[in-house]
Amino acid sequence: MLSRKTRSPVLICSVIFAVGVVVRVWVLLHYVPAEYIAPHTRWEAEAVAVSLATEGAFADPYAVPTGPTAHVAPAWPFLLHLVYRGLGLTRTAGYVTWAMGIVVYATMFALLPWVSLRLGVGAAPGVLAGFAGAILWIAWPDPAQALAGLAMELVLVAFVSRWSGARPGLLSSLLVGVGCALALHAQPALLPVVAGCMAFELWWRRHERAWVGTTVLALGVMLTSVPWTVRNYRALGAPVFMRSNLGLELRMAFHEGAHADLEVSHQRGGARHPRTSTAEAVRVRELGEVSYMREARDEAAAWVAAHPTEALRLVGQRFLYYWFGPLHDPPVAAAYAALTLLAAVGLVRLMRALSSPQQAALVIPLLLFPLIYYVMSYMTRYRLPLDWLLLLCAAAGILGWRAPSRPADDEQSRNRLP
C-alpha cells in the first residue's frame, strides 16, 4: 500500500504538510503560553525583529539596548520584522509569525518524500520519515533551526543534481552558490556542509575544467554574502561573517563549573549571557559587541589552556549529548539514542546501494554540521536541522530498504563530461 501511495509525491507531500500543520496548530492553541504568542523581546531573534520593526535597526538583542548587532543570523529576524511592520506589535502579528514557523516546520517534513527520491533513498523511507516528523517532532519550536533544516534539504538536493548529471552550466553554478549563501543567512553552521560538498565536487568531477563550475559556485556564495558582511563592518567596525557571538558561546561552554548542557550550566550560575544578565548587557554596550565577544573568547581560551583535560572531557560529553540526547535526563536521552541508532543502521544499509554522490549527500552533513556544536554548550534544538536526515536514515533501517543494486557506473558518470 505504501508504494502505491508514493506514486503521487505531490499528494503525499500535501498530506504530510497538512498533518504537520494540524498537529502544531493544536499544540499552539493548547500549550503555548499567551505571553509567548504576542510579539516579545524575550529571545534574541524576536528582540532584533522588534528593533527592526520599530527603530529600523538590526539591534538590541540583549537585556538592555546595546546598539547594532550580529548576534543572530539575519534571515529569521528579517522575516519576523516584515510581519511586525505590517500588523504592528499585536497579538494578530504574533499568531501570524507562529503560523510562519508552523509552515516552515511542516514544509521541512512534507518535502521528505521528494528529498528522499532525489537523494536516491526511495520514496517509502521519505514517506515514513515525513509522517514521523510531522506527528512526533512537536517540542518547543525553534523556527530558525527548522528553516536551517529546510535549507539543508534543498542544498543537498541541488548538489546531488549537480554531481549526477553532465557538467553543470555557469549560470546554474552561480544560482546554486546564491542558494547556499541564503542558507548561510539562515544558519551559518551550514558553512562546513557547503564547503564539504564543494570539496567532494572537485574530487568527483576531477578533470581539467572541474574547478570552473565550483569556482563560479563559490563566487555566488561570496557575492551574496558581501552585503551582510559590509553591513556588519559599517555597524560593528569589523567584517563579521554572518554572526558575531562565537566568543560568547565558547565562554558559556568553557568556564569553571561548566556542564555539557547549557541549562545545567545556567543553574550553576557560571554561564554569563547578556540576554539574561543586565550587567553583561551593560558591558556589551560599554565595550561594543565585537570587543565584548573577543574578550569572552579570550576568557574561554585562557580557561581551556589552564584546564585542558576538563575541556576535552566537556567536548566528549557534548559529542555524546548531541547524538544521544541529554544524558542527565534518561527518558529524553533514550528517545534521542533510539533515533541515532536506528539512523546508523539505516545509513549502513544505504551505503551499500547508493552511488558515491548520494553517499556523500548523506555523510557530509552528518560528519560536518555537528562539529561546531561539540565545542558549544548543548541544547536540544541544535540537532533539529539534522533530524530530518536522521529520520530518513532511520526509516530506511526500519523498512529494511534495499536499492535493486548499487549503481555500477560511478566512474562512467564521473566522466560523463564533454
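Things worth noting here:
- Of all the options GLU35, GLU280, GLU295, the one that moves most in a Gaussian network model of the chain with Cα springs shorter than 10 angstrom is GLU35.
- For the range 200-349, diffusion coefficient by Stokes-Einstein and Kirkwood Rh (Cα), 10 °C, 1.306 mPa s, µm²/s: 84 µm²/s
- Residues ASP60, ASP298 arranged by fewest to most Cβ contacts within 10 Å: ASP298, ASP60
- Tail fraction, Cα-Cα pairs, the range 263-415, threshold 18 Å, whole percent: 69 percent
- Our note on the geometry: Cα centres of the range 22-61 and the range 282-314, 29 Å apart.
- Selected from LEU386, LEU80, LEU312 as most flexible by GNM, with the chain as the system and alpha-carbon contacts under 10 Å: LEU312
- Distant-in-sequence amide H partners of TYR378 (H built 1.01 Å from N, under 5 Å): ASP261, LEU262
- Degrees between helix 143-164 axis and first principal axis of the chain (Cα, 0 to 90, nearest 10): 30 degrees
- Normalised Debye scattering of the chain at q = 0.08, 0.10, 0.12 Å⁻¹ gives log10 I(q)/I(0) of -0.47, -0.74, -1.08, counting only Cα atoms as equal scatterers and leaving out solvent.
- Listed residues HIS30, HIS259, HIS40, most fluctuating in the chain (Gaussian network, C-alpha, under 10 Å): HIS30
- Unit charges at the beta carbon, dipole of the chain: most positive-side option, PHE58, VAL121, ALA394: VAL121
- Relative exposure of SER377, SER51, SER355, judged by other C-beta atoms within 10 Å (fewest first): SER355, SER51, SER377
- Packing order of peptides 320-329, 221-230, highest average first: 320-329, 221-230 (average count of other Cβ atoms within 10 Å over each peptide's residues).
- For GLU153, GLU263, order by how many other beta-carbon atoms lie within 10 Å, fewest first: GLU263, GLU153
- Cα lying deepest toward the dipole's positive end in the range 215-286, options ALA258, GLY220, LEU246, charges on Cβ: GLY220
- For the range 77-235, the spread of Cα positions along each principal axis, largest first, Å: 59, 49, 22
- Normalised contact order of the chain, rounded percent, pairs of Cα under 8 Å and 6 or more residues apart: 19 percent
Bear in mind these aren't lab numbers, they're just calculated from the coordinates by the rules spelled out. Everything quoted here is computed from the prediction, not taken from an experiment. Positions of Cβ are generated from backbone atoms using ideal geometry, with glycine treated the same way; all protein chains shown enter the neighbour counts.
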